[in-house]
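The values are calculated or read from the model by the stated rules, or taken from the named source; none is laboratory data. If you're wondering where the values come from, they're calculated on a predicted model, not measured in any experiment. Counting neighbours? That spans all protein chains shown, and the Cβs are built from the backbone with ideal geometry, glycine included. Heavy atoms of the whole protein, side chains included, go into the accessibility calculation; ligands, DNA and RNA do not. Shrake-Rupley method; radii C 1.70, N 1.55, O 1.52, S 1.80 Å.
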Amino acid sequence: NAESWGTTVRKMEELNSFLRSARRDIQQAVSPEGHDTTVHVVIGNSAMDLDSTISSLVLAFFLTRISLNAFDIRANNVVLPVLNIQRVDLELRIEVVYWLRYLGIDIDSLVFLDEINLRQLHESQRLRVVLVDHNQLDPAQEYFGDSVTMIVDHHEDKGLYNASKRIIYGPPGGVGSCCSLVAELVRPYLNQPLIAKALMGAILIDTSNFLEDLKNVKWIDKDKAACEMLARVMGDVDREKQTALFEELDGVKTDLGANLRLSMYNKLRKDYKEYVMNGVRVGISSVLIPLAVWVQHDTDFLAEMNRYLNDRNLELLLVGIVYKDPQIHRQAVIFTPNDDLRQRLATYLCTQVTPSLELEPLECAVTGEPTLERQLAAFSQGNITASRKQMEPFLQTFFQNYSCSG
C-alpha cells in the first residue's frame, strides 16, 4: 500500500486554499464588478489523464508564487487551473479520482470546463491561457488560440500560437511526462512533499516506472532526474517505494472490472482526443480492455461504435487498446464507413510507417449488421512502445496525402 511508505495522508492545505481562493476569485471576475480582471487559465488536454490533471493544478499553484513578472502575471490577476472536461466526466477517470482523493485534494474546489465561460472572458479580452500537456487546441477551443501566452508540453510541437514562453520537449527524444517539465520548472520553489508525490505519481504512470525496454521511447534521463529530485523533496524515497506507488496507481487505472463496468459510450470517451487532420475529423480513444473481452461483454459493440462516430461527426474512429496479461499487449481498431479510407489507412499503418507498428490482422468474434461489420478492421500491434502520442504524427502524415488524392 502506497500509504505505508509516505507521510500519513493529510489535506494539502496550501494547495486547497489556493484552489478555493481561485474558485472564489473567478466568480468575482465574471461578475459585473470584475470587468477589468485578467484571468490566466492553466488547462490540460481534453483526455484529462493523470499527467494533464496534476500538471495543470501544480503549475497554476506555483505561477502564483514564482517570479510573476516573467510570465506577465500581475498581482490583481486571477490564476486558475481548469480541468478540460465536464465535472460529471471526472468519475470516468478512475485513477485520477483515486489519486486526487489519496492526496487530499479538494475535488469540490476544482473548476471544470462547464463551470467557467471561457468564451465570455475571451470576447472581453481578459483571457490568458497556459497550455499544459498539449500544444494544439481541440477544434472547439481554437477560438482562444490568440490568448495562449505559455505552453508546457511533451508532444510534437505544431508551432502554433504566439506564446511568449514555450517549454516543449516532444518527440523525437522528448520527455515521457509533462509533469517532469513542470517539476523542473518549479524546482527552486518546491518544498511540499505531497505536491512532489502528486507529480511523481503521474511521472511513474507515464514512464511505466522507467521500464528499461522503453527508455528513449516512453522516458528519457530528464524524466528520471525529475523523479529523483521529487524523491529528495519527499525524503529520499527509494526505487522500491516508487515501484510500490506505481503498482498501486497502475492497478487502479487498469482494473479490468472497473473499466468493464463503464458503459460502452463511456469506455470510448474516458480517454479520448479529437483532431481535424487536413479537413478530416478523427477521434482516437484509448481503452484498457482486450478486444475479445470487450466485444463479449458489450454485445452492442458495433452499433455503439457507430453511434459514437455519428454523434461526434467523425469520419474515422481509431481505438488504441493496451492491457497486461501479464506482459504489455497492444491492439488497434479502425472504424469508418468509408471503405477507401479504411483500406488505405490500414495499408499505410501496416507497411509504411517507421518504426514499424508490427500490425497483424486480428480476428474477433464481433457480430452485428453486415454493413457495420465491414466498417471495422482490427489488428494486434507487436510494437508495444507506440502509444497515441506516437501514432498521431503518423496519422497527420497520412491525411496530408489522403485528402489530396482521396
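Please work out which one of (1) part of a helix (DSSP H, G or I); (2) modelled with pLDDT under 90 is the condition ARG65 fails and give its number.
(1)
Hey, any hits in the stretch 24-42 for a residue that's in contact with a Cys (Cβ under 7 Å, 6 or more places away or on another chain), open to solvent by less than 60 Å² (accessible area, probe 1.4 Å) and modelled with pLDDT of 85 or more?
no
Could you please find all residues in the stretch 152-189 being among the charged types (D, E, K, R) and either under 12 Å from SER55 (Cα atoms) or free of Cβ contacts under 8 Å to residues at least 60 places away in the same chain (or both)?
Matches in the stretch 152-189: ASP153, ASP157, LYS158, ARG166, GLU184, ARG187.
When the residues of the stretch 106-143 are narrowed to those that are over 29 Å from GLN396 (Cβ atoms) and among the β-branched types (Val, Ile, Thr), which ends up surrounded by the most Cβ atoms within 10 Å (Cβ to Cβ)?
Out of the qualifying residues, it is ILE116.
Which count do you get for residues in the stretch 186-221 that are in a helix (DSSP H, G or I), under 20 Å from the mean Cα position of the chain (by Cα) and buried (at least 19 other Cβ atoms within 10 Å of the Cβ)?
Within the stretch 186-221, residues that are in a helix (DSSP H, G or I), under 20 Å from the mean Cα position of the chain (by Cα) and buried (at least 19 other Cβ atoms within 10 Å of the Cβ) number 12.
Is it the case that ASP146 is free of Cβ contacts under 8 Å to residues at least 60 places away in the same chain, farther than 27 Å from LEU15 by Cα and open to solvent by 10 Å² or more (accessible area, probe 1.4 Å)?
Answer is yes for this residue.
Any chance you could count how many residues in the stretch 41-62 are in contact with a strand residue (DSSP E or B) (Cβ under 9 Å, 6 or more places away or on another chain), among the hydrophobic types (A, V, I, L, M, F, W, C) and either assigned to a helix (DSSP H, G or I) or under 15 Å from LYS197 (Cβ atoms) (or both)?
5
Kindly list the number of the only condition in (1) open to solvent by 30 Å² or more (accessible area, probe 1.4 Å); (2) in contact (Cβ under 8 Å) with a residue 24 or more places away in the chain; (3) part of a helix (DSSP H, G or I); (4) closer than 25 Å to HIS155 by Cα that fails for TYR265.
Condition (4) is where TYR265 drops out.
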